[in-house]
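Have a look at the structure below before the remarks.
The values are calculated or read from the model by the stated rules, or taken from the named source; none is laboratory data. A quick note: this is a predicted structure, and the numbers were derived from the prediction, not measured. When we count neighbours, we look across all protein chains shown, and the Cβ atoms used for this are built from the backbone with ideal geometry, even at glycine.
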Protein chains: 2
Amino acid sequence: MRRDVFQAIADPTRRAILVLIASKAMTPNAIAEHFDSSRQAVSKHLRILSECELVKQEQQGREIYYQLQVDKMKQIDKWLDQFRKIWEGRFNELDNVLSKLKKE
Amino acid sequence: MRRDVFQAIADPTRRAILVLIASKAMTPNAIAEHFDSSRQAVSKHLRILSECELVKQEQQGREIYYQLQVDKMKQIDKWLDQFRKIWEGRFNELDNVLSKLKKE
DNA sequence: TAATTGCGCAACCAATATGTTGCATATATT
DNA sequence: AATATATGCAACATATTGGTTGCGCAATTA
């Protein structure tokens with residue numbers, strides 16, 4: 001299974017989950033209440049988010065709280081950086097970033 | 001077919017194409033040479049990128065040059081912004097962004 | 001201790017994605 | 001005009017996805 005951050009945020013439900021738990025940690029049941037999907041479907045999404053370290057779990061009794069783990073999000077930010085330089089018109093820096101591709 | 005920017009950048013080949021044509025416009029054949037995939041496979045990726053306006057085409061004789069269209073990339077950047085505020089520790093601004101979710 | 005609750009996991013299913021092959025069309029070359 | 005080249009498009013095969021149902025386990029409650 002493909003499991004990287006880009007693939008993780010491709011799904012709209014997963015993006016919504018990330019936004020939802022950004023403010024506070026939530027259990028799968030609580031999260032599922034915000035969507036049309038079943039708990040199991042949400043649980044699957046959480047597993048994927050967990051596997052690419054966008055969320056972390058914390059067991060509390062029989063409940064498991066899922067919490068946003070923001071750090072891996074920087075990976076997307078970093079990838080975006082090269083394009084950000086284009087739309088900001090900072091072409092000099094772009095040249096550095098893409099220097100490997102400039103051999104023609 | 002699902003066609004939004006997030007889904008477009010989920011595929012590693014498509015991300016590579018975007019980086020590749022960032023420095024200069026290229027034809028499908030030229031792009032395909034950089035990958036293991038066939039020209040047709042690349043062509044399909046280009047169509048998807050085209051449909052979410054991440055690339056634009058320019059016909060030149062019988063060749064079609066594909067060029068990066070960076071603007072839609074800002075959509076990702078904007079989505080990322082709410083999380084950027086978290087990792088930058090700017091929680092006040094986060095509160096504004098996520099204010100709808102703070103009713104509990 | 002028995003029933004209930006919260007959860008993950010495996011099996012299965014339908015829809016979708018990605019890739020291939022073959023073909024049609026338009027332009028360029030001979 | 002005939003051939004070669006660049007490309008898109010449709011049909012098809014296979015893998016992956018997102019979802020469901022059913023089960024088992026651990027913790028809570030009665």
*Yes/no for B:A16 being within 16 Å of DNA strand C (Cβ to nearest atom), within 17 Å of the chain's Cα centre (by Cα) and under 27 Å from A:R90 (Cα atoms)*: yes
_Which listed residue, of A:S23, A:S50, A:S38, is over 21 Å from B:I9 (Cβ atoms) and in contact with a strand residue (DSSP E or B) (Cβ under 7 Å, 6 or more places away or on another chain)_ = A:S50
_Give me the residue from segment A:54-73 that is exposed (fewer than 15 other Cβ atoms within 10 Å of the Cβ) and not in a strand (DSSP E or B) and, out of that set, nearest to DNA strand C (Cβ to nearest atom)._
A:R62
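Could you list, in sequence order, the residues of segment B:10-27 that are closer than 14 Å to A:I86 by Cα and part of a loop (DSSP other than H, G, I, E, B)?
B:K24
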*Can you name every residue in segment A:28-40 that is within 12 Å of DNA strand D (Cβ to nearest atom), outside any helix (DSSP H, G or I) and in contact (Cβ under 8 Å) with a residue 12 or more places away in the chain?*
A:F35, A:S37
*Within segment A:6-23, can you find the residues that are facing chain B (nearest Cβ under 8 Å) and over 25 Å from B:M73 (Cβ atoms)?*
A:S23
*Could you say whether any residue in segment A:36-50 is more than 13 Å from DNA strand C (Cβ to nearest atom), modelled with pLDDT of 95 or more and within 14 Å of chain B (Cβ to nearest Cβ)?*
no
